[in-house]
Amino acid sequence: QVRLVESRGGLVQAGGSLRLSCAASGSIGSINVMGWYRQAPGKQRELVASITSGGNTNYDDSVKGRFTISRDNAKNTVYLQMNSLKPEDTAVYYCNYRGSYHNYWGQGTQVTVSS
């Protein structure tokens, strides 16, 4: 079992920045992928960014150049630095842990970007 605890999101003006963190605990495998997904009202959950335990990253085209994902393996924590936020970034953001056999989700945190 893996538990994911996300930091609180928040309300930010367009053009602003916000940093999310997600700490994993429990049965953490040495090889895994952690990432952030988001779900806006009426839309499907979509991948924002992911990072492997080896440090390889993947970003959705809509956030490339604005968001940066990083991780601290010693702390089993993944971060999402969000800059130049846009109203269309408004969504519930979910942390995800994917190991060899299981997939876990955080509880979700609301990010709202006002125009």
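Conditions (1) surrounded by 13 or more Cβ atoms within 10 Å (Cβ to Cβ); (2) at pLDDT 95 or above, marked per residue:
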{"position": "ARG38", "(1), (2)": "yes, yes"}
{"position": "LYS43", "(1), (2)": "no, yes"}
{"position": "VAL48", "(1), (2)": "yes, yes"}
{"position": "GLY54", "(1), (2)": "no, no"}
{"position": "ASN58", "(1), (2)": "yes, yes"}
{"position": "PHE67", "(1), (2)": "yes, yes"}
{"position": "SER70", "(1), (2)": "yes, yes"}
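Pairs linking a residue in the stretch 64-89 that is within 16 Å of GLY10 (Cβ to Cβ) to a residue that is open to solvent by 50 Å² or more (accessible area, probe 1.4 Å) and at pLDDT below 95, with Cβ atoms under 7 Å and 6 or more positions apart or on different chains, are PRO87/SER115. Yes or no: the stretch 36-44 includes at least one residue that is under 15 Å from ARG3 (Cα atoms) and free of Cβ contacts under 8 Å to residues at least 60 places away in the same chain. So far as the stretch 36-44 goes, no, none of its residues is under 15 Å from ARG3 (Cα atoms) and free of Cβ contacts under 8 Å to residues at least 60 places away in the same chain. Within the stretch 72-85, restricting attention to residues that are of a type outside the set (Val, Ile, Thr) and within 18 Å of VAL5 (Cα to Cα), the residue that is surrounded by the most Cβ atoms within 10 Å (Cβ to Cβ) is LEU80.
Yes/no matrix, rows are residues, columns are (1) assigned to a loop (DSSP other than H, G, I, E, B); (2) among the aromatic types (Phe, Trp, Tyr); (3) in contact with a helix residue (DSSP H, G or I) (Cβ under 7 Å, 6 or more places away or on another chain):
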| residue | (1), (2), (3) |
| --- | --- |
| TYR79 | no, yes, no |
| LEU85 | yes, no, no |
| GLU88 | no, no, no |
| TYR94 | no, yes, no |
| SER100 | yes, no, no |
| TYR104 | no, yes, no |
| THR112 | no, no, no |
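When the stretch 86-104 is filtered for residues that are farther than 14 Å from GLU46 by Cβ and either among the β-branched types (Val, Ile, Thr) or surrounded by fewer than 20 Cβ atoms within 10 Å (Cβ to Cβ) (or both), the ones remaining, listed by number, are LYS86, PRO87, ARG98, GLY99, SER100, TYR101, HIS102, ASN103, TYR104.
The values are calculated or read from the model by the stated rules, or taken from the named source; none is laboratory data. As the structure is a prediction and not an experimental result, all values here were calculated from the model. Cβ atoms come from the backbone with ideal geometry, glycine included; neighbour counts cover every protein chain shown. Remember, those area values only see protein heavy atoms, side chains included, never the ligands or the DNA or RNA. Shrake-Rupley method; radii C 1.70, N 1.55, O 1.52, S 1.80 Å.
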